[in-house]
Amino acid sequence: LYSSVAVSSVYGKPGVKLSPTLAAFTNGVATHSMDFDDTWHPATHPSGAVLPALLAASQMLPPNTKPNGLDFLLAFNVGLEVQGRLMHFSTEAHNIPKRFHPPSVVGTLGSAAATAKLLSLSSAQCCHALGIAASLAGAPMANAATQAKPLHVGNATRLGLEAALLAGRGMEANPLILDDIPGCSGFSAFYSVYQPKPLSAPGEHHEFLLEKQDIAFKRFPAHLGMHWVVDAALSVRNLFINYAGSFSPSLIRTIMLKIPVSKYINRPFPSSEHQARHSFQFNACAALLDGEVGLGSFSESSIHRQELRELLDKVVVEHPEDNVANFDKMYGEVALLLHSGDVLTGKCDTFYGHWRKPLSKESLLKKFRSNASHVLPEEKIETIITLVDNLESLSDSSQL
């Protein structure tokens, strides 16, 4: 289980291999290091908790037992299915989280379920894998906007993989861990309002949750909530340029942000990269000043610019009652109160990348190519795209 034999690859490091659990951990951390991974509603980051475990496990298995592409896709779907079902059992999970970071909870169980499926564990072993994973899950939201937050996803994928491997070796756990048993906390320990429902056995007409799941893909590397205020800020910036001929911060008296109540992403003066990725104020002002938010927006030099700090000093926050901390219902509004007395307003209730306005495949490929270009040559990037496009016909998924 904790072998020192290095068989599993590390993202972007062709000369580096680690043991399966450490490779899963490293790649899981990488997935969430810039907060650039996919987001669901109810809110979690599902793929980063599952994919690294499956890739590591695929390379771990002997040559004559490698899963094919269809096996890999099915296990991936199972991992996402478990995460989504668990979140749909909780009304608390439908809002921006306050206590536990969701991928550290449901992601750990999703990783365990996906790996258990890939390893063809028995029904009883799968059940124990989820029970073991529940004992390894959970990270507090207080560590959001710190360097520790990506560890949540890294731990989720690694510990889920470990749970499946332990179950495969005979370790047992409470088979009722996901039930709601009065007086005995199981999975309900993570969610104060948790009401599991019996699921019908998958059959010919089974519909995976993924087929109808709300999924958002981010255009820039920051907390999902930032995408509303950035689009609102860009909208009002265009109005300002039409009004004044150029963007002139000296004409602005006050910048009014109308955002939902969510303490960990209400950060008036972020001092680090991770704080900036979780700051309504920073992202609105960066968009106003630069006309975009991208990879470079979160560098140390960008964060500590004097002109940006001067804009942050002008920000005032309001929390309208109709603007709730829910990724399906919230909006972002940015109003510029000018010294002249005029007021310019931009509002966004559905940004490009939201499930109501999804990214095109072209935009997704552009994002992937841009990110991958920092660590891989062009021919390898295109090879990955081709492999993924034809994953269902791949004979050996460890080629990924």
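The values are calculated or read from the model by the stated rules, or taken from the named source; none is laboratory data. The structure displayed is predicted, hence computed values, not measured ones. Note: ideal-geometry Cβ built from the backbone for every residue, glycine included; neighbour counts use all protein chains shown. Surface areas here come from the heavy atoms of the whole protein model, side chains and all, with no ligands, DNA or RNA. Shrake-Rupley method; radii C 1.70, N 1.55, O 1.52, S 1.80 Å.
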How long is the gain from residue 338 to residue 64 if the chain were fully straight, where each residue apart is worth 0.36 nm and the alpha carbon distance is subtracted? 91.7 nm
Rg to Rh for segment 276-400: what is it, with Cα atoms only and Rh by Kirkwood? 1.10
Give me Rg over Rh for segment 31-88, both radii from the alpha carbons and Rh done the Kirkwood way, two decimal places. 1.04
Based on the Cα gyration tensor of segment 332-384, what are the three equivalent ellipsoid semi-axes, each the root of five times an eigenvalue, rounded to whole Å and given largest first? 39, 15, 6
Taking the alpha-carbon distance from residue 263 and a cut-off under 28 Å, which lysines remain once sequence neighbours fewer than 8 residues away in the same chain are dropped? 98, 149, 218, 314, 329, 347, 357
Label points 7 Å out from Cα along the Cβ direction at residue 350 and residue 300: separation in nm? 4.2 nm
Suppose every K and R has +1 on its Cβ and every D and E has -1 on its Cβ; what is the size of the dipole of segment 57-165 about the Cα centre, in Debye to the nearest 20? 160 debye
List every residue whose amide H lies under 5 Å from the amide H of residue 17, counting only residues 5 or more places away in sequence or on a different chain, with H placed 1.01 Å from N in the peptide plane. none
Separation of the residue 379 and residue 261 label points, Cα + 7 Å toward Cβ, nm: 5.8 nm
Assuming R0 = 25 Å, what is the FRET efficiency of residue 248 and residue 319, from their Cβ-Cβ distance, to the nearest 0.05? 0.30
Write down the Å³ per residue value for the convex hull defined by the alpha carbon atoms of segment 106-156. 60 Å³
What Kirkwood hydrodynamic radius, in Å, does segment 1-121 give when the mean of 1/r is taken over all pairs of distinct Cα atoms and then inverted? 14.8 Å
Taking the chain, how much of its Cα-Cα pair set, in percent, is spaced more than 26 angstrom apart? 55 percent
For segment 301-400: accessible area per residue (Å², 1.4 Å): 57 Å²
Measure nothing fancy, just the Cα-based angle from helix 378-389's long axis to the longest principal axis of the chain, in degrees from 0 to 90, nearest 10. 60 degrees
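Consider all pairwise Cα distances in segment 224-348 and report the whole-number % of them above 25 Å.
Considering segment 224-348, 16 percent of its Cα-Cα pairs are separated by more than 25 Å.
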Size of segment 8-213 as Cα extents on the principal axes (Å, biggest first): 49, 41, 33
Helix 102-118 versus the longest principal axis of the chain: what angle, 0 to 90°, nearest 10, using Cα atoms? 30 degrees
GNM on the chain, C-alpha springs below 10 Å: top fluctuator among 105, 315, 375? 375
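Leaving ligands, DNA and RNA out of it, report the carbon-plus-sulfur percent of the accessible area of the chain at a 1.4 Å probe.
On the way: 9710 of 17800 Å².
Taking all protein chains in place, the chain shows 55 percent carbon and sulfur surface.
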Looking at the chain as a GNM with Cα springs under 10 Å, which of 163, 201, 284 has the largest mean-square fluctuation? 201
Can you tell which of 390, 64, 371 shows the greatest fluctuation in a Gaussian network model of the chain with Cα springs below 10 Å? 64
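Could you work out [θ]222 nm for the chain from helices alone, using -39500 (n - 2.57) per DSSP H run of at least four and dividing by all its residues? Round to the nearest 500 deg cm²/dmol.
Value at 222 nm, helices only, nearest 500: -13000 deg cm²/dmol.
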Nearest 10 degrees, 0 to 90: what angle lies between the long axis of helix 280-290 and the longest principal axis of the chain (Cα atoms)? 60 degrees
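Please pull out the direction-averaged projected area of segment 159-261, using the convex hull of its alpha-carbon atoms, in nm² to one decimal place.
Computing the convex hull of the Cα atoms and averaging its projections yields 13.1 nm².
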